[in-house]
1. How many of the residues making up the stretch 281-304 are touching a residue at least 12 places away in the same chain (Cβ under 8 Å) and not in a loop (DSSP other than H, G, I, E, B)?
2. Which residues, taken from the stretch 348-360, are among the basic types (Lys, Arg) and touching a residue at least 12 places away in the same chain (Cβ under 8 Å)?
3. Given the residues Val121, Val84, which is the only one that is of a type in the set (Val, Ile, Thr) and more than 23 Å from Ser23 (Cβ to Cβ)?
4. Out of everything in the stretch 184-207 that is in contact with a helix residue (DSSP H, G or I) (Cβ under 6 Å, 6 or more places away or on another chain) and crowded, with 24+ Cβ neighbours inside 10 Å, what residue ends up being nearest to Trp88 (Cα to Cα)?
5. Residues being part of a loop (DSSP other than H, G, I, E, B), out of contact with any strand residue (DSSP E or B) (no Cβ under 8 Å at 6 or more places or on another chain) and of a type in the set (A, V, I, L, M): count how many of those fall in the stretch 87-139.
6. Anything in the stretch 74-88 that is within 16 Å of Phe154 (Cα to Cα) and in contact with a helix residue (DSSP H, G or I) (Cβ under 6 Å, 6 or more places away or on another chain)? List them, or say none.
7. Looking only at the stretch 58-71, decide whether some residue is under 27 Å from Arg138 (Cα atoms), assigned to a loop (DSSP other than H, G, I, E, B), in contact with a Ser or Thr (Cβ under 6 Å, 6 or more places away or on another chain) and touching a residue at least 12 places away in the same chain (Cβ under 8 Å).
8. Give the residues of the stretch 140-153 that are assigned to a helix (DSSP H, G or I), under 28 Å from Tyr27 (Cβ atoms) and among the aliphatic types (A, V, I, L, M), sorted by residue number.
Amino acid sequence: MIEGPITGGAHGWAFGRSLFDLSERGYVEQEFFLSGEATTYQGVEGTELGRDGCWQVQPSGAMPFKTRLLVYRPADPARFNGKVVVCWNNVTAGYELFHGESPELLDGYAFVGATAQRVGVHGFSENSQGLAAWDPERYGALSIPSDAASYDIFAQVGRAVGPARDRSGVDPLGGLDVQKVIAIGASQSAARLGTYMNAIHPIAPVFDGFMLQIYFGGGAPLVGDRTMSPASRPRRALRGSNLIRELDVPAMIVNSELEAIACYGVRQPDTDRFVTWESAGTTHVSAQAQAVRNQKYAREFGVQPPLSQRMNRISIIPFYDAAVHHLSRWVDGGAAPPSQPLIEFAGPPQEGKRPEVVRDEHGIAVGGARLPQAQVPVATNSSIPVVKDFAGSLRGTNERFGADKLDALYGSEADYLARFRAATEAAIEAGVMLPRELEPAVEEAAQEYRRARE
């Protein structure tokens, strides 16, 4: 059952909503509740969730649930491109992280942020920042008993906004003519979506395409809940453990340098249904992404987190947007995203050893998709952490070159920006950036050049 649009509550807004008024971009933002029974799954007896990703599962039971979905959709149906992007909201931090307000997504798509996991609603036990604790008045009736229900909850969200949805009652898409539904998940959510792709999609297809963003190369379990906060979990190097099986719909992995290291041992070749992109010089969380997260955190929780001046400063959002653009065409039967070079490593994967990225004279990864900040650098941006706690391990490094090195490399700011513009045009030609990003990228590059001289 779908209820909504949901309004009210102690705060008066949906948790995690956009920082700006979407109506200024021609979009409607609404929240809905979805309730029902979610099927749980288990492996077929005598099989295992092995490296090949060809996992066999079967229903094991059902659980009642009530969850929420946050919808951004074009106000004018004529602007809708027929695609709904359903995001598996990430709960690693103990509250929900998602990002649906990028330039590409607000250019004709509908976006749905799906609360699929227990922590999203109930939070961690030691300091709950889940929806029910954040606003009991608005979200107190929500319930997800276990992450075992998450896979079917996500599928039910997909059906609720898909082409065959029941429009006789509440329609979260406001009557839009949906043609295709694309599933995305990032980081922890990518692991769960990877399991969904390998285990659930083959027996109960809902989605027309998949994108795993900043994916560490291993699926999540079918049962068991995320119970500890990041600070409580032991730090360990993540390593890929399984492939993504060949599907009947298009699928992409879109990674930064950090996840490319984790996935090195489970890389698989591009096919007519599967493509991997890896971006040199980037990491799991950039300063630009962290700044947006911090603003949302300050709004929701009343505290402004610090922003490290030494964390990686190459935003991966334009890279994501280009990938979404290509995947949208692909699910319509068009050309696959262009294959990209992969990041180079010093030798084949070795058991028990962290793969070593080949780096150039500036300390920047060799190979991979070349965003202009890596191709024409003013700093060493990498996935190598400055601080080696959980958060630091995801934020990488930005080491400014300084005035002397910049002068030796480029001569002047004008010469640098000319080379940066040419590198951005090359990235657009390669398909890893979109034309709309050219001028914003050059504007930011001027700021980064001046910062690097300090």
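1. The number of residues fulfilling the criteria is 13.
2. Passing the criteria: Arg354, Arg359.
3. After applying the criteria, what remains is Val121.
4. Gly185
5. Within the stretch 87-139, residues that are part of a loop (DSSP other than H, G, I, E, B), out of contact with any strand residue (DSSP E or B) (no Cβ under 8 Å at 6 or more places or on another chain) and of a type in the set (A, V, I, L, M) number 1.
6. Within the stretch 74-88, Val86, Trp88 meet the criteria.
7. Looking for residues that are under 27 Å from Arg138 (Cα atoms), assigned to a loop (DSSP other than H, G, I, E, B), in contact with a Ser or Thr (Cβ under 6 Å, 6 or more places away or on another chain) and touching a residue at least 12 places away in the same chain (Cβ under 8 Å), one finds none in the stretch 58-71, hence no.
8. The one that is assigned to a helix (DSSP H, G or I), under 28 Å from Tyr27 (Cβ atoms) and among the aliphatic types (A, V, I, L, M): Ile153.
The values are calculated or read from the model by the stated rules, or taken from the named source; none is laboratory data. Keep in mind the model is a prediction, meaning the values are calculated, not measured. Methodologically, a virtual Cβ is constructed for each residue, glycine included, from the backbone with ideal geometry; neighbour enumeration extends over all protein chains shown.
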